[in-house]
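J.: A single structure is presented below for examination.
The values are calculated or read from the model by the stated rules, or taken from the named source; none is laboratory data. As the structure is a computational prediction, the values presented were derived from the model and not from experiment. Heads up, the Cβs are rebuilt from the backbone with ideal geometry, glycines too, and the neighbour counts pull from every protein chain shown. Surface areas here come from the heavy atoms of the whole protein model, side chains and all, with no ligands, DNA or RNA. Shrake-Rupley method; radii C 1.70, N 1.55, O 1.52, S 1.80 Å.
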Amino acid sequence: MQKGQQSPLSYLKAAYGGEIVVRLKNGIEIAGRLRSFDDMMNLVLDSAKERDPHSKEVKRNVGTLFIRGNNVLFITVEE
Amino acid sequence: MQKGQQSPLSYLKAAYGGEIVVRLKNGIEIAGRLRSFDDMMNLVLDSAKERDPHSKEVKRNVGTLFIRGNNVLFITVEE
Amino acid sequence: MQKGQQSPLSYLKAAYGGEIVVRLKNGIEIAGRLRSFDDMMNLVLDSAKERDPHSKEVKRNVGTLFIRGNNVLFITVEE
Amino acid sequence: MQKGQQSPLSYLKAAYGGEIVVRLKNGIEIAGRLRSFDDMMNLVLDSAKERDPHSKEVKRNVGTLFIRGNNVLFITVEE
Amino acid sequence: MQKGQQSPLSYLKAAYGGEIVVRLKNGIEIAGRLRSFDDMMNLVLDSAKERDPHSKEVKRNVGTLFIRGNNVLFITVEE
Amino acid sequence: MQKGQQSPLSYLKAAYGGEIVVRLKNGIEIAGRLRSFDDMMNLVLDSAKERDPHSKEVKRNVGTLFIRGNNVLFITVEE
Amino acid sequence: MQKGQQSPLSYLKAAYGGEIVVRLKNGIEIAGRLRSFDDMMNLVLDSAKERDPHSKEVKRNVGTLFIRGNNVLFITVEE
């Protein structure tokens, strides 16, 4: 199965420049435009917003945000 | 015992394209189609759904989901 | 002492195909047939059952289960 | 996408000498001038201030502060 | 000081086949005969018993027990 | 920016023999004279004192103190 | 500064055979004679005693004690 051979991180590459939502281990949810990431899943997001994970209501705008990868729980790509 | 020689990760390979259920350390349960994984157990799931671990009721649809491997507790393959 | 020279993991090998009980760090207890494991103590169990650690009552059958090794507290071999 | 190829840490380089805000895993928020960092995200901040993460009120001035990288949750660059 | 040059793990070797008591990070105390260990402090104990850490009362017999090393707090050798 | 090229740990070197204050992850605050440190941020402090992090009141004198680096949250240099 | 060049672990060497007090991350305090340690800060103590960290009252004598290094918070050398 060809598709299966791609690594998980290669799927994130397709999201460069697009909107993603990052859920951190401590429950915080951040939405923003993916500008950079690495193997540790360190992330840089542009126009980042902290939102309520349930209501999706924006709690504050944080501009460009650097996230240390070990805090990441999961990531979704907005379509 | 021949079967015993296969690594645990090689069993996940057989699930490519099929439905799996991932229980995270924080108790969240995610069901979805396995699209990719690596040695750290980073996972990409398609058509992912967050469900209640007890009632299996779907709480929200999250589309394509990237999970950082260190958060994984265990994985079952749906048959 | 010859016996002492064997590594702990080599003792698990003797359990291939047999029943083991895995206690996870979060208190969950899983019983099942050991199908595969590796150095990280990632495990694959067949006919896995989640049980109450005290009463040993089966709470649910989970079929084939993949456990990420860093969650393992200890393992007993059923005789 | 050229921009995507830059590593997350390279974005921090652009902030040398400028004001950043560091949120630690335990909820503490530190603002200060970025003087040095490394791959582990160990940081040295000048004129560092501990602030309330919500009101941004300064709780105490701590001068030059060395932060061990594994405590970092995320970093924003003040503009 | 000659004695000081021996590594901590080499002291455990002297306990092969003898009774040890293992205190786990989560407070559980296990007594048993040391059959095997490695550098990670993964342990195999024979005739293992879970005991109350204060009263030393045996709570249950668990037979041969495999303990994942990262859960170990400390170990005493019974004399 | 020349200054930016120095590693965070090189800033600690300037504090050798001087007073530093170490905040540990569990909230304990230790003041003392920096005698030695390494890449893991293991530290040896002379004339170390445990103090209240808020009132700075000395709770006890502990003499020479060895701190395991992974417990360090941040360090300030007293001037 | 010559003294500054010695690694933190080399200071522990001077304590071989002498009394040390080890505070563990979970708050337990152990006093005993240092017999062996390694780079991970795994420790072997002789005539070890668990004491109350505040009153220093001995709670129990544990004889020879092996401590897994990752549980160590800090160590003081008794003079």
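J.: Of all residues in the range E:30-48, which are open to solvent by 20 Å² or more (accessible area, probe 1.4 Å) and in contact with a Lys or Arg (Cβ under 7 Å, 6 or more places away or on another chain)?
T.: Selection gives E:Arg35, E:Ser47.
J.: What pairs come up if the first residue lies in the range E:30-57 and is polar (S, T, N, Q), the second is part of a loop (DSSP other than H, G, I, E, B) and surrounded by fewer than 19 Cβ atoms within 10 Å (Cβ to Cβ), and their beta carbons are under 9 Å apart, counting only those six or more places apart or on different chains?
T.: Listed pairs, sorted by first residue: E:Ser36/C:Gln6; E:Ser36/C:Ser7; E:Ser36/E:Tyr16; E:Asn42/C:Ser7.
J.: Which count do you get for residues in the range F:35-57 that are among the charged types (D, E, K, R) and under 13 Å from the mean Cα position of the chain (by Cα)?
T.: 6
J.: Look through the range F:49-62, keep the residues that are of a type outside the set (Asp, Glu) and surrounded by 16 or more Cβ atoms within 10 Å (Cβ to Cβ), and return whichever of them is farthest from D:Ala48 (Cα to Cα).
T.: Top of the filtered list is F:Val62.
J.: Here is a further query. Among the numbered criteria (1) open to solvent by 40 Å² or more (accessible area, probe 1.4 Å); (2) touching a residue at least 24 places away in the same chain (Cβ under 8 Å), which one does D:Arg68 miss?
T.: The failed condition is (1).
J.: Picking from B:Gly27, B:Gly69, B:Gly63, B:Gly32, which residue would you name as being within 9 Å of the chain's Cα centre (by Cα) and of a type outside the set (A, V, I, L, M, F, W, C)?
T.: B:Gly32
J.: Moving to a separate point now. Could you check A:Val62 against (1) modelled with pLDDT under 95; (2) closer than 27 Å to B:Leu73 by Cα; (3) of a type in the set (A, V, I, L, M) and say which number it fails?
T.: Failed condition: (2).
J.: Continuing with this model, one more query. Whether any residue in the range C:1-19 is under 18 Å from B:Val72 (Cα atoms) and in contact with a helix residue (DSSP H, G or I) (Cβ under 9 Å, 6 or more places away or on another chain) is what I want to check. Step through it out loud before you land on a result.
T.: Quick first cut of the range C:1-19, residues under 18 Å from B:Val72 (Cα atoms) only: none.
No, every residue in the range C:1-19 fails to be under 18 Å from B:Val72 (Cα atoms) and in contact with a helix residue (DSSP H, G or I) (Cβ under 9 Å, 6 or more places away or on another chain).
J.: Identify the single condition in (1) within 21 Å of C:Asp46 (Cα to Cα); (2) open to solvent by 60 Å² or more (accessible area, probe 1.4 Å); (3) in contact (Cβ under 8 Å) with a residue 12 or more places away in the chain that B:Gln6 does not satisfy, given that it satisfies every other one.
T.: Every condition holds for B:Gln6 apart from (3).
J.: Check whether at least one residue in the range A:15-26 is modelled with pLDDT under 95 and among the hydrophobic types (A, V, I, L, M, F, W, C), and report yes or no.
T.: Yes - at least one qualifying residue is present in the range A:15-26.
J.: In the range D:33-59, what count of residues is obtained for those that are in contact with an Asp or Glu (Cβ under 6 Å, 6 or more places away or on another chain) and within 16 Å of D:Glu78 (Cα to Cα)?
T.: Kept after step one, since they are in contact with an Asp or Glu (Cβ under 6 Å, 6 or more places away or on another chain), are these residues of the range D:33-59: D:33, D:35, D:51, D:53, D:59.
From what is left, the residues that are within 16 Å of D:Glu78 (Cα to Cα) are D:33, D:35, D:51, D:53.
Number satisfying all stated conditions: 4.
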